[in-house]
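Below is one structure, written out as structure tokens, with a few remarks after it.
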Amino acid sequence: VFKSVNMKPTMIRCWNPIDKDGSRYLLGDHQGQLWVLALAIDAGTKKVSDLKIELLGETSIPSSLNYLD
């Protein structure tokens, strides 16, 4: 099954998992915008049931990302 989220066209330059279970990712694009992508994972089937994306803000254009808990 195909899943997608609405966002303006951009090039994601780097990403990094936030959670150990792989349900949230930090994304950085070519314009310096920082996003978080959340995956809703069905516990029974272990498949992605929904996607949500949220713009966190703007920073310098990233070449790598690290999430510090």
Report summary line: Rg/Rh of the chain (Cα atoms, Kirkwood Rh), to two decimals, equals 0.99
Query - residue 67 accessible area, assembled protein chains, probe 1.4 Å, Å² - result: 90 Å²
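What is the local net charge at residue 17, summed over the other residues whose Cβ is closer than 12 Å to its Cβ (Lys, Arg +1; Asp, Glu -1)?
-1
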Query - Positive minus negative residues near residue 55 (Lys, Arg vs Asp, Glu; Cβ under 14 Å) - result: -1
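State, as an integer percentage, the relative contact order of the chain based on alpha-carbon contacts under 8 Å between residues 6 or more apart.
Values: 131 pairs, mean separation 21.6, N = 69.
That works out to 31 percent.
The values are calculated or read from the model by the stated rules, or taken from the named source; none is laboratory data. This is a predicted model, so every value here is computed, not measured. Here the Cβ is made from the backbone with ideal geometry for all residues, glycine too, and neighbour counts use every protein chain on show. Note: accessible area is taken over every heavy atom of the protein model, side chains too, but ligands, DNA and RNA are not part of it. Shrake-Rupley method; radii C 1.70, N 1.55, O 1.52, S 1.80 Å.
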